[in-house]
Amino acid sequence: MGAEILAELVYSKYIFTIKGGEKMLQMINKKLRNRKGFTLIELIVVIAILGILAVIAIPRFVGMRESANEGAVIANLRTIQNAAEIAAAENNIAITAVTDDQISEVLTGAAGNFPGDFADSPDGAVYSFASGVATLATAPSVYPTGGVNDYTDIASN
């Protein structure tokens with residue numbers, strides 16, 4: 001390093017002096033002492049960005065929950081309908097004659113739980129089986145308007 005670049009550094013109670021660069025070091029020292037936090041403008045900008053993100057994210061979250069609940073209802077209706085068809089085949093009867101106990105027996109191996117307490121019911125959904133069709137008797141608390149209500153809605157698609 002050249003002799004003109006070399007500097008003598010003296011530290012004395014937050015004041016730095018350097019031969020040939022005293023002014024620059026005083027500016028740096030002043031900036032370091034004046035750093036107190038974020039400005040009001042910086043805080044307002046951050047809060048505005050967070051608000052915009054919340055406005056975008058919350059409706060998407062609700063839509064995803066409705067979609068997930070409808071998917072769970074469809075899966076449960078298919079399971080109930082399949083259990084009813086198996087019960088009808090095992091008992092050699094028409095599907096319209098299948099009882100809740102027969103569906104429970106296929107689903108759990110023991111009669112007595114169906115309808116009502118279906119293990120994977122989202123948000124309080126209750127199912128029933130009547131006239132040969134699995135039906136959503138009580139929709140989940142978050143459920144899309146016009147969502148699937150019985151097995152015929154699924155079978156027609």
| query | Efficiency by 1/(1 + (r/R0)^6): what FRET value for L53 and V142, r their Cβ-Cβ distance, R0 = 22 Å, to the nearest 0.05? | reply | 0.50
| field | Kirkwood hydrodynamic radius over Cα pairs of the stretch 40-155, then Stokes diffusion coefficient at 37 °C and 0.692 mPa s, in µm²/s | value | 204
| query | Amide H of D150: which non-local residues (sequence gap of 5 or more, or other chain) have their own amide H closer than 5 Å, using H built in the peptide plane? | reply | L136
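Computed from the coordinates by the stated procedures, all read-outs in this text should not be read as laboratory data. These numbers come from a predicted model, not from an experiment. Note: ideal-geometry Cβ built from the backbone for every residue, glycine included; neighbour counts use all protein chains shown.
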